[in-house]
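Shown next, in structure tokens, is the structure this report addresses.
Throughout, read-outs are computed from the coordinates displayed, never taken from laboratory work. On a predicted model such as this, the values are computed, not experimentally measured, just so you know.
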Amino acid sequence: MARMRRNSEQTLEFKIEQAEAKVARTREAHEKAVDELKKLYDIRKAYQRDELLKALESSHRSYDEIL
């Protein structure tokens with residue numbers, strides 16, 4: 001019976017190692033996805049800023065009137 005216990009412990013350790021490796025891979029993928037999302041948000045914000053500046057330039061109102 002001691003032999004079965006050792007095998008089940010080894011199997012458990014192997015499964016733990018696999019799960020830890022999977023967590024590490026998914027963490028890296030998550031971090032990459034978050035970085036990409038942040039970059040896209042920054043690009044969108046820059047486009048919106050440019051659009052707003054163009055609208056202000058073409059507006060007949062003064063800065064004080066807009067504020």
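Stretch residue 25-residue 10 to full length: gain in nm at 0.36 nm per residue minus the Cα-Cα span?
Extra length available between residue 25 and residue 10 comes to 3.1 nm.
Using a cut-off of 19 Å between alpha-carbon atoms, which lysines can reach residue 54, once sequence neighbours fewer than 8 places away in the same chain are excluded?
Result set, ordered by chain and number: 45.
Students often get this wrong, so try it: which of [x] 1.11; [y] 2.56; [z] 3.06 is Cα Rg over 2.2 N^0.38 Å as calculated from the structure shown?
[y]
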